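Structure, as C-alpha coordinates:
The values are calculated or read from the model by the stated rules, or taken from the named source; none is laboratory data. Everything numeric here is computed off the predicted structure, so don't read it as measured data. All Cβ positions, glycine included, derive from the backbone under ideal geometry; neighbour counts span all protein chains shown. What goes into the accessible areas is simple: the full protein's heavy atoms, side chains included, and nothing from ligands, DNA or RNA. Shrake-Rupley method; radii C 1.70, N 1.55, O 1.52, S 1.80 Å.
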Amino acid sequence: MDSRIALVCVVLAVFAVDQTVGAPQKDAASGPVYTTKYDNIDIDQILASKRLVNNYVQCLLDKKPCTPEGAELRKILPDALKTQCSKCNPGQKNAALKVVDRLQKDYDKEWKLLLDKWDPKREQFQKFQQFLVEEKKKGVVKF
(Lines give C-alpha, C1' and ligand atoms only; values in the text may rest on other atoms or scores of the structure.)
Protein backbone atom coordinates (compact mmCIF):
# COMPACT_ATOMS: atom_id res chain seq x y z
CA MET A 1 0.00 0.00 0.00
CA ASP A 2 2.01 2.90 -1.32
CA SER A 3 -0.17 5.46 0.40
CA ARG A 4 0.57 4.06 3.85
CA ILE A 5 4.25 3.91 3.10
CA ALA A 6 4.09 7.52 2.02
CA LEU A 7 3.25 8.79 5.45
CA VAL A 8 6.22 6.88 6.68
CA CYS A 9 8.23 8.97 4.29
CA VAL A 10 6.08 11.85 5.19
CA VAL A 11 6.43 12.16 8.87
CA LEU A 12 9.78 12.01 7.81
CA ALA A 13 10.48 9.10 5.68
CA VAL A 14 13.88 10.12 6.24
CA PHE A 15 14.80 8.21 9.25
CA ALA A 16 16.59 5.01 10.10
CA VAL A 17 18.84 4.19 13.02
CA ASP A 18 19.76 0.58 13.51
CA GLN A 19 20.72 -2.45 11.44
CA THR A 20 17.18 -3.25 10.25
CA VAL A 21 15.75 -2.89 6.76
CA GLY A 22 15.51 0.88 7.19
CA ALA A 23 18.95 1.30 8.69
CA PRO A 24 21.24 4.04 7.49
CA GLN A 25 23.15 3.17 4.39
CA LYS A 26 26.75 4.16 3.87
CA ASP A 27 27.60 6.89 1.45
CA ALA A 28 31.31 6.82 0.82
CA ALA A 29 31.59 10.59 0.59
CA SER A 30 29.52 11.75 3.53
CA GLY A 31 28.92 8.87 5.94
CA PRO A 32 25.64 7.19 6.90
CA VAL A 33 22.46 8.18 5.10
CA TYR A 34 18.84 7.15 5.51
CA THR A 35 17.32 4.53 3.29
CA THR A 36 15.87 5.74 -0.01
CA LYS A 37 13.40 2.86 -0.08
CA TYR A 38 10.36 5.14 0.27
CA ASP A 39 11.58 8.27 -1.50
CA ASN A 40 9.21 7.99 -4.48
CA ILE A 41 5.99 7.82 -2.49
CA ASP A 42 3.26 10.37 -3.26
CA ILE A 43 3.17 12.25 0.04
CA ASP A 44 0.35 14.51 -1.09
CA GLN A 45 -1.86 11.46 -1.58
CA ILE A 46 -1.25 10.36 2.01
CA LEU A 47 -1.77 13.79 3.48
CA ALA A 48 -5.04 14.12 1.55
CA SER A 49 -6.48 11.07 3.35
CA LYS A 50 -7.61 11.69 6.91
CA ARG A 51 -7.97 7.94 7.36
CA LEU A 52 -4.35 7.25 6.42
CA VAL A 53 -2.99 10.13 8.46
CA ASN A 54 -5.04 8.98 11.45
CA ASN A 55 -3.77 5.40 11.09
CA TYR A 56 -0.16 6.57 11.19
CA VAL A 57 -0.78 8.98 14.04
CA GLN A 58 -2.42 6.23 16.09
CA CYS A 59 0.55 3.96 15.36
CA LEU A 60 3.06 6.61 16.36
CA LEU A 61 1.12 7.22 19.57
CA ASP A 62 1.16 3.48 20.41
CA LYS A 63 -2.65 3.43 20.32
CA LYS A 64 -3.08 1.18 17.32
CA PRO A 65 -1.06 -1.59 15.69
CA CYS A 66 1.42 -0.39 13.10
CA THR A 67 2.07 -1.52 9.60
CA PRO A 68 5.68 -2.68 9.16
CA GLU A 69 6.48 0.75 7.71
CA GLY A 70 4.81 2.54 10.62
CA ALA A 71 6.71 0.41 13.13
CA GLU A 72 9.96 1.29 11.39
CA LEU A 73 9.10 4.97 11.45
CA ARG A 74 8.19 4.81 15.12
CA LYS A 75 11.57 3.24 15.83
CA ILE A 76 13.65 5.74 13.87
CA LEU A 77 11.79 9.03 14.35
CA PRO A 78 13.75 10.05 17.47
CA ASP A 79 17.04 9.93 15.55
CA ALA A 80 15.78 12.24 12.83
CA LEU A 81 14.60 14.79 15.35
CA LYS A 82 17.78 14.50 17.38
CA THR A 83 20.18 14.76 14.45
CA GLN A 84 18.19 17.40 12.58
CA CYS A 85 17.88 15.15 9.57
CA SER A 86 21.65 14.91 9.16
CA LYS A 87 21.34 11.68 7.18
CA CYS A 88 18.58 12.98 4.89
CA ASN A 89 18.97 13.56 1.19
CA PRO A 90 17.40 16.70 -0.36
CA GLY A 91 14.22 14.86 -1.35
CA GLN A 92 13.77 13.58 2.18
CA LYS A 93 14.30 17.05 3.61
CA ASN A 94 11.70 18.40 1.22
CA ALA A 95 9.25 15.65 2.20
CA ALA A 96 9.87 16.31 5.89
CA LEU A 97 9.15 20.03 5.58
CA LYS A 98 6.04 19.38 3.52
CA VAL A 99 4.71 16.88 6.05
CA VAL A 100 5.39 19.13 9.01
CA ASP A 101 3.74 22.08 7.27
CA ARG A 102 0.63 20.10 6.26
CA LEU A 103 0.25 18.40 9.63
CA GLN A 104 0.44 21.75 11.40
CA LYS A 105 -2.10 23.34 9.04
CA ASP A 106 -4.53 20.49 8.29
CA TYR A 107 -4.12 18.14 11.27
CA ASP A 108 -3.41 20.47 14.16
CA LYS A 109 -4.90 18.21 16.85
CA GLU A 110 -2.95 15.18 15.63
CA TRP A 111 0.21 17.25 15.29
CA LYS A 112 0.02 18.38 18.91
CA LEU A 113 -0.53 14.80 20.08
CA LEU A 114 2.56 13.69 18.17
CA LEU A 115 4.64 16.48 19.64
CA ASP A 116 3.39 15.69 23.14
CA LYS A 117 4.57 12.11 22.75
CA TRP A 118 7.79 12.53 20.78
CA ASP A 119 9.07 15.88 22.01
CA PRO A 120 7.05 17.13 24.99
CA LYS A 121 9.44 20.02 25.68
CA ARG A 122 9.55 20.90 21.97
CA GLU A 123 13.34 21.10 22.12
CA GLN A 124 14.25 18.63 19.39
CA PHE A 125 11.47 19.62 17.04
CA GLN A 126 12.29 23.31 17.30
CA LYS A 127 15.87 22.60 16.22
CA PHE A 128 14.66 20.22 13.51
CA GLN A 129 12.20 22.72 12.08
CA GLN A 130 14.77 25.53 12.19
CA PHE A 131 17.20 23.33 10.29
CA LEU A 132 14.63 22.55 7.62
CA VAL A 133 13.77 26.23 7.21
CA GLU A 134 17.47 27.01 6.75
CA GLU A 135 17.71 24.24 4.15
CA LYS A 136 14.73 25.77 2.36
CA LYS A 137 16.45 29.15 2.26
CA LYS A 138 19.54 27.51 0.76
CA GLY A 139 17.39 25.95 -1.93
CA VAL A 140 18.02 22.40 -0.75
CA VAL A 141 14.35 22.08 0.22
CA LYS A 142 11.90 23.34 -2.36
CA PHE A 143 8.56 23.06 -0.59
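Suppose every Lys and Arg Cβ carries +1 and every Asp and Glu Cβ carries -1, with no other charges. What dipole size does the stretch 43-138 come out with about its Cα centre, to the nearest 20 debye? Mind dumping the intermediate values first?
Numbers: 21 positive and 14 negative charges, 22 e Å.
Its charge dipole is roughly 100 debye.
Rank these by accessible area, largest first, 1.4 Å probe: Lys112, Lys82. Display every interim value, and only then the final one.
Details: Lys112 105, Lys82 145 Å².
Result of the area sort, largest leading: Lys82, Lys112.
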Inset, instruction - Determine the share of the stretch 43-138's accessible area contributed by carbon and sulfur atoms, expressed in whole percent, with a 1.4 angstrom probe. - result: 49 percent
Legend entry - Mean separation of Cα contacts under 8 Å, 6 or more apart, over the residue count of the stretch 43-138: relative contact order %: 30 percent
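Using the heavy atoms of the protein chains alone and a 1.4 angstrom probe, what is the accessible area of the stretch 43-138 per residue in square angstrom? Could the numbers behind the result be given before it?
On the way: 5090 Å² over 96 residues.
Computed with neighbouring chains in place, this is 53 Å² per residue.
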Inset, instruction - Determine which aspartates and glutamates satisfy two conditions relative to Lys121: a Cα distance under 20 Å, and not lying fewer than 8 residues away in the same chain. - result: Asp62, Asp79, Asp101, Asp108, Glu110
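In the neighborhood of Val133, defined by Cβ-to-Cβ distances under 12 Å, what is the net charge if each Lys or Arg adds +1 and each Asp or Glu adds -1?
On the way: positive: Lys93, Lys127, Lys136, Lys137, Lys138; negative: Asp101, Glu134, Glu135.
Overall, the nearby charge balance is +2.
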Inset, instruction - Scan around Val33 for amide H atoms under 5 Å from its own, H built in the peptide plane at 1.01 Å from N, and keep only partners 5 or more places away or cross-chain. - result: Gln25, Lys26, Asp27
